[in-house]
Amino acid sequence: MRVVFVHGACVQDGTWWWHRTGALLEERGISSQAPGLPSCGETGTPPGPDGPGLAEDVAAVRQVLAAGDEATVVVAHSYGGIVTAEAAAGLDAVQHLLLVSSYLPEPGESLATFGSSDGPAPFLDVDPAAGTFGVRADTLADTFLQDCEADVQRQAVGKLARQGLQVIAQPVRSAAWHDLPSTYLVCAQDRGTPAERQREFARRAGSVVEMRTGHHPFLSQPAAVRDLIVGL
C-alpha cells in the first residue's frame, strides 16, 4: 500500500507538511508521496491570473496516482479535497479517500461554493490585481497550528505560498468520493474551518472520525493519523 498526500491551499512543500506522519508510516513499510500543486507555484510557473489553476493541480496529482497499480490511500487536506475529487476519479489503484478538514464537491461545485457571503476570511490576504491569495503569516500559528510545537509553527511560516485566485471559482468535473470508500476526519479544534462546517461536509463521506486537533493533525498528532490510515 502507498499513501498520496494532497496538501491544502496557500502552502508549498507537501512533503514537509506530511513528514511527521510519513515517517511513522515508513516505519510500517508504507511509502507516501506528496505531489506539488502548480497553482501554488510549485512547478516553476508563478501563480497569477494567467498561471496554473485547478486543472493543472488535478493533472499533477492524477499523474502521481496513475503512475502505478499499487493500492493507494489518498489523504486530501482542506483544498486538497477539491483537487482529489477530480484527480482520483476512475483510477483502479485508489482504494480509499481520507479527507482531513476537507471539501467534498459535487461535479460543478468549486471552492467558492463553500465560501462565506461575508467575504474573505480574516486570515486571508487577497490581491485581485496580482490574481493571487495567501494566508497572512501573522495568523498562521493561532488559526491553523495552535496545537503544534513552536518549532513547527516557525517552520510552517516559510512554507506559505501565494496561490492563483482563479482556483476559487473553477469547478470540478467529477466527484471521486461517489464511487470510492471515503472517511472524513473532523478536526474538532480547527479554527480555520470550524468543526460545524466540517460535519456538514462529512455527511457526504462514507464514514466519519473526529479528533480533538487543529487544522493539521498530521503535524500535531501524527501517530493518531498513522493509526487511522493503517486501519483503512
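Computed 3J(HN,Hα) for the stretch 10-19, one whole-Hz value per residue from the Karplus formula 6.51 cos²θ - 1.76 cosθ + 1.60 where θ = phi - 60°, is 6, 9, 9, 6, x, 4, 5, 4, 9, 4, glycine and proline marked x. Packing order of peptides 127-139, 25-37, highest average first: 25-37, 127-139 (average count of other Cβ atoms within 10 Å over each peptide's residues). Sorting the segments 166-176, 77-87 by their residues' average number of neighbouring beta-carbon atoms within 10 angstrom, most packed first, yields 77-87, 166-176. For the stretch 48-120, the Cα-based Rg and Dmax, in that order, read 13.3, 44 Å.
Considering only Cα atoms, the convex hull volume of the stretch 96-232 works out to 115 Å³ per residue.
Under a Cβ-only charge scheme (Lys and Arg +1, Asp and Glu -1), can you give me the dipole magnitude of the stretch 2-231 about the Cα centre, in debye to the nearest 20?
Once rounded to the nearest 20, the dipole reads 220 debye.
Going toward the positive end of the dipole of the stretch 2-231, with +1 on Lys and Arg Cβ and -1 on Asp and Glu Cβ, which of Gly8, Gly131, Val172 do you reach last? Most positive-ward Cα: Gly8. Considering only the stretch 44-139, what is the antiparallel percent among its DSSP beta bridges, to the nearest 5? Just about 40 percent of them are antiparallel. Our analysis of the stretch 2-231 gives Rg over Rh at 0.93, with the two radii drawn from alpha carbon positions and Rh computed by the Kirkwood formula.
When the chain is fully extended, how far beyond the present Cα-Cα distance does Arg136 get from Glu210, taking 0.36 nm per residue of separation?
Working: separation 74, 0.36 × 74 = 26.64 nm, distance 2.73 nm.
Working it through step by step, the gained length comes to 23.9 nm.
Restricting to bridges with both residues inside the chain, how much of the DSSP beta-bridge set is antiparallel, in percent to the nearest 5?
Numbers: 7 of 30 bridges.
DSSP beta bridges in the chain are roughly 25 percent antiparallel.
In this structure, Gln155 and Ser116 have a Cβ-Cβ separation that, at R0 = 45 Å, corresponds to a calculated FRET efficiency of about 0.95.
For Pro107, the shell of other residues with beta-carbons less than 11 Å away shows a net charge of -2, using +1 for Lys and Arg and -1 for Asp and Glu. A simple spin-label model places pseudo-atoms 7 Å from Cα toward Cβ; at Glu26 and Asp69 they are separated by 2.8 nm.
Close amide H contacts of Ser32 (hydrogens built in the peptide plane, cut-off under 5 Å, sequence separation of 5 or more or a different chain): Val3.
Rule-based calculations on the coordinates, nothing more; no lab input. The model shown is predicted, which means the values in this text are computed figures rather than measured ones. Note that we place each Cβ from the backbone using ideal geometry, even for glycine, and neighbour counts take in every protein chain shown.
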